[in-house]
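These notes concern the structure reproduced below.
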Amino acid sequence: MDVDKLLNQVKIIHRKHDELDRISGSHFNFFSAASVSTNELVICSVIRELIDPKGSHAQGSIYLKLFLKHVLQIDPKIYEAIDLNSVCVERERKIDNKRRIDLYISIPGKMCIPIEAKIYAGDQKNQCYDYYKYAINSPIYYLTLDGHEPSEYSRKDLTENQIKLISFKKEILVWLEECLKRPETIRITSIRELIIQFIDLLQDLTGQVEDALERDIVEIILKSRENLETADQIASIMKSINDHIFNRYFHELARQIESKYPFLVWHDDCDNVTYDKYGIYYIVKELSTEKYKLALQIQAENDYVYAGFTICDEDDCDIPWKKVVKRNFILNDYLIKLGFEDDEPDWLAWKYIGDETEEMPNFKYHNDAFYSMAEPEYFNHFIEETMKVIDDLMSSAMQNRLEDIYLGV
């Protein structure tokens, strides 16, 4: 089994395609270049603009009709007998408690359809349950990268008939491919290129990129039994490789954290060797009591690495922090100004690691930055980026006295 020989053949093919991509400019993608590739507001805005009969594309309801058919899978009898140009499509429909539904489609006299889109953001309390109240003759549609279910925290007691799961990976990509086939799309360069780049973006986000490079590699592998066996062997150990990079990153990160902040206490439930709970978890003892503990967490549960603070109780269970923390909590306000988020019930504040202008490693859908983790220079760079976020968290936390934090202590 000649692994080096096969890898060298693949490397040659890869270089050839890189050169072709450089010449053709096929690597350019507006969404990635503008650093909005995972921005739900931007992505929903593009969808809304396409399905809006009054959208700037000036093609009327052709994209909406395809959306109703391929994404929402509504019975054509419902909408074919009406003028789809009268349909209203809203983005961020305002509802009670200052909340907003990502997409809201109103078909006069027929139905109103709420759509909640999630890329990497978490669920909010009763979110799907509350949004369903605005559905008329329709379920609420829950749109994610892979079509997973919302949490019970969001759906509450909604039944399977009241919530429909759809995905960017399947339904949205099918819809965009159908839009791309339309003569109107082919004829208008600006619309055609937008849809092509949108498809490229979603294929990348959902790990579905299959191009000429992949086909050439498949051809090499199928040239001989030895190549096929070698490729199978490499594929079988990719999870181990992923875990090795993951563990090496968290081992080094833990070493630097504990060297710089020796007063942090390692959480008992975490494995200090394998990090098989998605990351590392420390208790900030100086800002904890017997009843409530401030916890520093760095995780990569789904794909990208993020860090932040949570509050756990005496049973070491993460709890909704707003129940135990004063509303005028100085630390929270300070972190928000530094770019941290507080939209997760169990996270006091959290933030993805790294500069928004550069790609960061994705441990689920392997990207260029993930591959660069094999290079010491980039590996150390990403550790530095992580420590910058941790330094922000720790310096802001230590500026707040304990009595300024918890209620009922």
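Scanning for something buried (at least 18 other Cβ atoms within 10 Å of the Cβ), in contact with a Cys (Cβ under 9 Å, 6 or more places away or on another chain) and among the hydroxyl-bearing types (Ser, Thr, Tyr), does segment 183-204 turn up at least one residue?
yes
Please work out which residue is surrounded by the most Cβ atoms within 10 Å (Cβ to Cβ), limiting yourself to segment 224-267 and to residues that are β-branched (Val, Ile, Thr) and in contact (Cβ under 8 Å) with a residue 24 or more places away in the chain.
Applying the filter and picking the extreme gives ILE257.
I want to confirm something. Restricting to segment 203-254 and keeping residues that are part of a loop (DSSP other than H, G, I, E, B) and either touching a Gly at 6+ places or on another chain (Cβ under 8 Å) or at pLDDT 75 or above (or both), which single residue is farthest from LEU143 (Cα to Cα)?
Filtering segment 203-254 for residues that are part of a loop (DSSP other than H, G, I, E, B) and either touching a Gly at 6+ places or on another chain (Cβ under 8 Å) or at pLDDT 75 or above (or both), the one farthest from LEU143 (Cα to Cα) comes out as SER224.
If I ask for residues that are surrounded by 16 or more Cβ atoms within 10 Å (Cβ to Cβ), aromatic (Phe, Trp, Tyr) and within 18 Å of GLY147 (Cα to Cα), which ones from segment 88-130 would you list?
Across segment 88-130, the qualifying residue is only TYR129.
With within 23 Å of ILE199 (Cα to Cα), touching a Lys or Arg at 6+ places or on another chain (Cβ under 8 Å) and not β-branched (Val, Ile, Thr) as the only criterion, which of TYR104, TYR153, TYR134, TYR129 stands out?
Every option except TYR104 fails the conditions.
Which numbered condition trips up LEU296, out of (1) in a loop (DSSP other than H, G, I, E, B); (2) of a type in the set (A, V, I, L, M, F, W, C); (3) at pLDDT 80 or above?
(1)
Residue by residue, here is whether (1) at pLDDT below 90; (2) loosely packed, with under 12 Cβ neighbours inside 10 Å holds:
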position	(1), (2)
TYR365	yes, no
PRO376	no, yes
ILE383	no, no
VAL389	no, no
MET398	yes, no
ASP404	yes, no
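The values are calculated or read from the model by the stated rules, or taken from the named source; none is laboratory data. These figures come from a predicted structure and were not determined experimentally. Cβ sites come from the backbone with ideal geometry, for glycine too, and all protein chains shown count toward neighbours.
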